Amino acid sequence: MSIWAHTLVKNEDKYLWFTVTSVVDYVDRILLWDTGSTDDTIKVAKELKRRYLERIDFRQVVQKDIYDFTLTRQKMLDQTQADWLMILDGDEVWWEEGIKETIKSLNSNLETVVTPHYNVVGDVFYYQEETAGMYKIDNRRGHFNIRFISLKIPGLHFEKPHGTQGLFDKDGILIQNRDKAKRIFIDKKCYLHFTNVPRSTGRDVFVSKRKMKIKYEIGNNFPKDFYYPEAFFKPAPSYITSPWSKMSSDFAKKAMFQTPLRKIKRRLFRSDVGY
């Protein structure tokens with residue numbers, strides 16, 4: 001059984017090293033493609049390629065608009081020669097147990113595997129409450145995603161522009177809407193997801209706009225004996241940013257104000273959808 005991971009990035013230099021090193025020993029190949037980074041993402045990717053020459057396919061591709069993102073995803077899919085596809089964003093750092101357990105669960109009767117995660121907010125020491133998770137699969141809602149997809153699904157392809165993009169079968173059915181008997185949910189949290197914190201050390205205009213999407217929120221504090229992903233403790237190049245930096249005082253002030261408002265909004269939304 002072979003597994004190829006797809007990692008499509010742009011300005012992700014803060015966590016990319018940890019992301020890739022957390023799974024590289026457990027998959028057969030990683031397609032690590034960059035769509036125009038202006039921070040140190042390309043530098044990080046080239047060093048990963050140098051160290052894991054046979055496992056990483058690094059490319060720089062052109063992305064002019066949100067439709068090019070989908071076309072690039074499709075090109076990656078078309079070139080994948082494996083039994084399973086793993087979607088690996090550049091800001092997801094996996095536990096060894098998480099990736100091992102997920103791979104162990106794969107079998108020929110399955111089509112998709114749903115992996116839960118901790119959604120980091122503020123800094124690496126805080127996580128978002130489970131009720132904030134907006135993904136809904138098989139009448140479950142929370143912090144999880146379909147991260148493993150069988151390439152035996154007929155006519156598997158990407159559709160729609162970035163932001164609304166999805167994986168569909170030959171009949172245009174989203175993979176999460178296919179037979180749920182062929183899907184499993186992993187019980188344990190598999191990785192830390194850094195989507196709501198700064199993911200780039202860059203200072204250019206594009207990165208600044210991206211930073212404006214940061215979620216100002218105070219989450220639940222991880223316990224003092226919390227076991228962080230092993231990738232954080234392995235040797236890394238000196239230029240890799242430490243994951244242990246804490247939120248600024250300015251961020252904390254804004255978050256203290258916005259957190260109660262966000263929680264009220266979530267309760268109202270859940271009430272509207274009957275959850």
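Since every read-out is calculated from the coordinates, none of them should be taken as a lab result. Computed from a predicted model, the values in this text were never measured in an experiment. With ideal geometry, Cβ positions are generated from the backbone for all residues, glycine too; neighbour counts draw on all protein chains shown.
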At what distance in nm do the modelled label points of ASP171 and GLU54 sit from each other, each positioned 7 Å from its Cα along Cα→Cβ?
4.2 nm
Apply the Karplus parameterisation 6.51 cos²θ - 1.76 cosθ + 1.60, with θ equal to phi minus 60°, to every residue of the stretch 53-67 and state each ³J(HN,Hα) to the nearest whole Hz, in sequence, with x for glycine and proline.
3, 7, 9, 10, 10, 9, 9, 10, 10, 8, 10, 8, 8, 5, 7
Most mobile listed residue (LYS64, LYS224, LYS104) in the chain, GNM with C-alpha springs under 10 Å
LYS224
Most exposed first, judged by fewest Cβ atoms within 10 angstrom, TRP94, TRP84 run TRP84, TRP94
So what are the ³J(HN,Hα) numbers for the stretch 161-177, from phi and the Karplus equation (6.51, -1.76, 1.60; θ = phi - 60°), rounded to whole Hz, Gly and Pro as x?
x, 3, x, 10, 4, x, 9, 10, 8, 5, 9, x, 9, 4, 4, 6, 9
Counted neighbours (other Cβ, 10 Å), sorted fewest up, put SER242, SER200 in the order SER242, SER200
Need one word for the chain: rounded, prolate or oblate. Basis is the Cα gyration tensor (sqrt eigenvalues a ≥ b ≥ c); a/c below 1.5 gives rounded, then a/b vs b/c decides.
rounded
Per-residue Cβ contact counts at 10 Å, fewest first, order ASP65, ASP123, ASP225 as ASP225, ASP65, ASP123
Residue separation between LYS104 and ASP68 times 0.36 nm, minus their alpha-carbon distance, gives in nm 9.5 nm
Classify the stretch 58-156 from the C-alpha gyration tensor, please: rounded if a/c falls under 1.5, else prolate or oblate depending on whether a/b exceeds b/c.
oblate
State, to one decimal in nm, how far the label point of ASP225 lies from the label point of LYS180, with both points 7 Å from Cα in the Cβ direction.
3.7 nm
Let's test this: bin the Cα-Cα distances of the stretch 113-153 at 5 Å from zero up to the farthest pair and state each bin's percent.
6, 21, 25, 20, 14, 8, 5, 2
Give me, ordered by chain and number, the residues 5 or more places off GLU217 or on other chains with an amide H under 5 Å from its own placed amide H.
GLY122
Please find the FRET efficiency linking ASP83 to LYS265, where r is the Cβ-Cβ separation and R0 is fixed at 45 Å, and quote it to the nearest 0.05.
0.60
Let me have the 222 nm mean residue ellipticity of the chain computed from DSSP H runs of 4+ only, each contributing -39500 (n - 2.57), with the sum over all residues rounded to the nearest 500.
-8500 deg cm²/dmol
Check THR80: other-chain or 5+ apart residues with amide H under 5 Å from its amide H, H built from backbone geometry?
none
For GLY166, enumerate residues with amide H under 5 Å from its amide H, sequence gap 5+ or separate chain, H modeled in the peptide plane.
GLU159
